[in-house]
Amino acid sequence: MMVLSLTSACSGTEGQPGQPVEPSPPPESIVKEVGVEGGVLKLSDGATLTFPRDALESDVQVTMAISEEAPPEELGIASRLYEFKPAGVVFNRPVTVSFPMTGAAMPPTLYWSKLDGSGYEPIGGVVENGHLVARVVHFSKGFVGASRGSRTVLGVSRTTWLTEHQVRSLPNNVERQGVSALVLGANGLFKEYPGQGNASSGVFRIPDVPQGPIYLRVGTTYLMLGEGEGEGTGVDLGRALAGRPNVVMPARSSPLSFSVSGLAPWQRGDHLEFFSVGANSWFFYMEGQSQNPPTVGATSISAMTVSSPDTGLIDGNQGDLGLLAQLSRRTSTTGVPYTAMSRIAEFPAFVQVDGETTQLRGEMVPVETANSAAFRWKLRDFHVHTQASIPSPERRHTMLVIQGLPYDNSRGMYSGSADYLVMATQRDDDLLETGTLYYGSPLQGRWATSVMLDTVLEKNYQIPGTTRGVTLRAGLDTIETLDDAMSRPLAPRLSPVRNPRVNGVSLFQPASGVTPNPVVTWDAPELGTPRLYRVAVLQLRATPENVTRVDTVGSIYTRGQSVTVPPGLMLPGRTYVLVINASLNETSTPNEPFRDSIPSASATVVGAMLDMAP
């Protein structure tokens, strides 16, 4: 049993005849059921354990206790030893522990027992109001001790899969991706510290990492950690995604062919979209990418065929549903045109076979127009703040969308969305009064409504000598809850970064002879304070068919305004484009870059083509 303090030994009463020795306080524990929504456990000494939402996917009886064991003295004890059960459980997201410090370890660190039970390792932490606070990814034992100059970077990578009806979390294969920490030296060179990933749990650890800033690498994703207090403890590389975890992607063309009656008479400007959440399969503006699209006045389609290699194969045997929706042109009470969902068809369960055409037949039914909304939209603000986001843009698109998101809004935009209403405009009003807009929301299950505002600038990028280029996009995205969107004028929350540079030269200026590890810098946005920046490295390449294609070869996440591109991302003799995205929401940080929430905002700039030195 561990003694809370040494006051009884120092009081002058111990060992004196007739003076009773004050007993050590008994161990204390608390048991509480915690589920998907999260929760907090707290002991009387102030030690706390905090679960965020989605750390657990079902209800678990959690025990937090003061252990009867003593921590290893050689590690510089500065707190009691705390024990957590069920032992060995791995979380989908890191949980936070806060231990009161009873000693003066300098500098302090959290020692956490290893998942295999082979001892303790220092994982860092930050001091807040006499407590050491850190994030952990599995249940063990822990205490505060003295740092020995290095730490173990500990993290977890698990995907939470969501459909309209279920939530399931599974580990990502971090063992296959590869894990390491890179430290940038004063000479501009990186030193790499290898780590280990566990494919069955999604847990990764990198031991013996020096204190200070690091680039944490998992696969081709890099997180710049150490620029803010607590970064690098309990790294969360998990995310939420729509669909089943066992969705099969097609290896060959697997078209869907629609023969459907019951359309509203087709008008120019109408749209069709198809979606199957279980397979995470989404097709938008189908009439522009299909064979045999509807013609003006048509009330049916016959053998309208679409295909995409980027959508999962639909399997009705696993509960996947397929829905086709028509959005028809309408006019608001102030004369502003828009489209809204007018018809919908749900197809009988079917199985899409790789390499074969799947025939879908059905009848659309009217969508009840039971909802209305009106907005005040600061259009010009969106346009002004996107002017310097891509060199020589060729097209601009601006739209407002009322959308349905599977499950709920708390995880942000983790999937495609069903469009209830779309207002696309080329207007440039200071304040556009939309008037009243009417729409329906016919989807079954748990679907949440939000409003997306999007201004996009497009430009064609083409490697010299190829026959066709690729379109890259920059601009602003703002997502609001429906109530917030209707309660105030719609304006950008965030603008793009300013003065982006590569090796001191404007990112918007084409360059040749670029060095392998360029330094990318920028100034903060004029509007808003981002919580996170992402620098994406895009490689342009010529295919055997002699057309330009683009691949994202790596991403660097940071809280700061400068990154050095790590080795291996930008290779000699290749052509690249750098993209800088600023994001703002309540959840994204360098410690958890893929977490999202609503409301949110992002702003993207796209640079010019960069040719690397041979």
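For the chain, the residue among Ala474, Ala542, Val31 whose Cα projects farthest onto the positive side of the dipole built from Cβ charges is Ala542.
Centroid-to-centroid, using Cα positions, the range 342-396 and the range 128-181 are 37 Å apart. Heavy atoms only, probe 1.4 Å: what % of the accessible area of the range 354-423 goes to carbon and sulfur, would you let me know? Solvent-exposed carbon and sulfur of the range 354-423 make up 43 percent of the total.
Label sites at Lys42 and Ser308, each approximated as a point 7 angstrom past Cα along Cα to Cβ, lie 4.7 nm apart.
For the range 203-353, which whole-number percentage of the solvent-accessible area (1.4 Å probe, protein heavy atoms only) is attributable to carbon and sulfur atoms? Don't skip to the end; give the middle numbers.
Numbers: 2900 of 5810 Å².
Ligands and nucleic acids excluded, carbon and sulfur give 50 percent.
Between the range 243-273 and the range 62-108, the alpha-carbon centres lie 53 Å apart.
For the range 120-178, the carbon plus sulfur part of the accessible surface works out to 43%, probe radius 1.4 Å.
Exactly which trypsin sites (Lys or Arg not before Pro) in the range 383-463 are in a DSSP loop and have at most 16 other Cβ atoms within 10 Å? Intermediate results must be reported in sequence, preceding the final value.
Values: sites: Arg395, Arg396, Arg411, Arg427, Arg446, Lys459; in loops: Arg411, Arg427, Arg446.
Passing sites in the range 383-463 are Arg427, Arg446.
The residues of the chain present an accessible area of 42 Å² per residue when probed at 1.4 Å with all protein chains retained. Sites listed here are GluC sites (Glu not before Pro) in the range 383-471 whose DSSP assignment is loop and whose Cβ has at most 11 other Cβ atoms within 10 Å: Glu394.
Ellipticity at 222 nm from helices only: DSSP H runs of n ≥ 4 in the chain, each -39500 (n - 2.57), divided by the residue count, give -500 deg cm²/dmol. Taking the average, over residues, of other Cβ atoms within 10 Å as the packing measure, peptides 403-409, 550-556, 131-137, 434-440 rank 131-137, 403-409, 434-440, 550-556 from highest down. Computed about its Cα centre, the charge dipole of the chain is approximately 1400 debye, with only Lys, Arg, Asp and Glu carrying charge at their Cβ.
Among the trypsin sites (Lys or Arg not before Pro) in the range 265-340, which ones are in a DSSP loop with at most 13 other Cβ atoms within 10 Å of the Cβ? Mind listing them? List each step's numbers first, then the result.
Details: sites: Arg268, Arg329, Arg330; in loops: Arg268.
Sites meeting the loop and neighbour criteria: Arg268.
Relative contact order of the range 46-118: what whole-number percent is it, with Cα pairs under 8 angstrom and at least 6 residues apart? The partial results should precede the final answer.
Details: 79 pairs, mean separation 29.8, N = 73.
In percent, rounded to a whole number, it is 41.
Which entries of Lys42/Lys191; Lys32/Lys114; Lys378/Lys459 show an alpha-carbon separation above 30 angstrom in the structure shown? In this structure, Lys42/Lys191 exceed 30 Å between Cα atoms.
Please tell me the relative contact order of the chain in percent, rounded to the nearest whole number, where contacts are Cα pairs under 8 Å and at least six residues apart. Please list the in-between numbers first.
Values: 1715 pairs, mean separation 59.3, N = 614.
This gives 10 percent for the chain.
The values are calculated or read from the model by the stated rules, or taken from the named source; none is laboratory data. Quick caveat: nothing in here was measured; it's all calculated off a predicted structure. All Cβ positions, glycine included, derive from the backbone under ideal geometry; neighbour counts span all protein chains shown. Remember, those area values only see protein heavy atoms, side chains included, never the ligands or the DNA or RNA. Shrake-Rupley method; radii C 1.70, N 1.55, O 1.52, S 1.80 Å.
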